[in-house]
Amino acid sequence: MSRRHRRYSKRELLGSLHVDYVMSVTDLGLPARSNRWDVLRAFLAVGEARAERLVEEEDGFLILQSVPGQANTGGIYLFAEPLQSFFWLRFDHNEDSLNGEDFQFALRVYHLLNLIDGKQKKSRRRHSRRIHPFPPPGSIDLGTPVMAVAAC
């Protein structure tokens, strides 16, 4: 029998990601296009919960909602502002017993920020930055601006 330990991929640790519709802004009793912070307050009040983590983007936000005073009771929710709706992001192996560390892990491994605008973002070509040293003192013409950092 082999003594080797099986290595699990990062995605296997939480399982497959599922996105389920929860409710709209009007279901919360608020008018459409309400202030996003009023929407968040109303959503948290319905669940009698608090936001442990919040990541805000232009088209919405992600929150880790948990029961106050109880560790590892969090679930990840997405508010898509263009749709004026909340979605529950659940995983096969861990649905609603997440903590802050799990949230950060899922955010990175599952690219959850891509879900806010509802489409996959094109991969960006990474540009490295080169830091150019300043010339020695006295060799700079103070009338000419000097660029310290230039993008490739």
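The values are calculated or read from the model by the stated rules, or taken from the named source; none is laboratory data. Keep in mind the model is a prediction, meaning the values are calculated, not measured. Remember, those area values only see protein heavy atoms, side chains included, never the ligands or the DNA or RNA. Shrake-Rupley method; radii C 1.70, N 1.55, O 1.52, S 1.80 Å.
Before moving on, here are some points about what is shown:
- Counting heavy atoms of the protein chains alone, Arg41 has an accessible area of about 150 Å² for a 1.4 Å probe.
- Glu48 sits with roughly 150 Å² accessible to a 1.4 Å probe, with DNA, RNA and ligands left out of the calculation.
- Overall form of the range 67-114 per C-alpha gyration tensor (a/c, 1.5; a/b vs b/c): oblate
- Sequence of Asp102, Asp96, Asp38 from largest to smallest accessible area, 1.4 Å probe: Asp96, Asp38, Asp102
- Cα gyration tensor, the range 33-104 - rounded (a/c under 1.5), prolate or oblate: prolate
- Estimated at the nearest 10 Å², the accessible area of Val46 is 90 Å² with a 1.4 Å probe.
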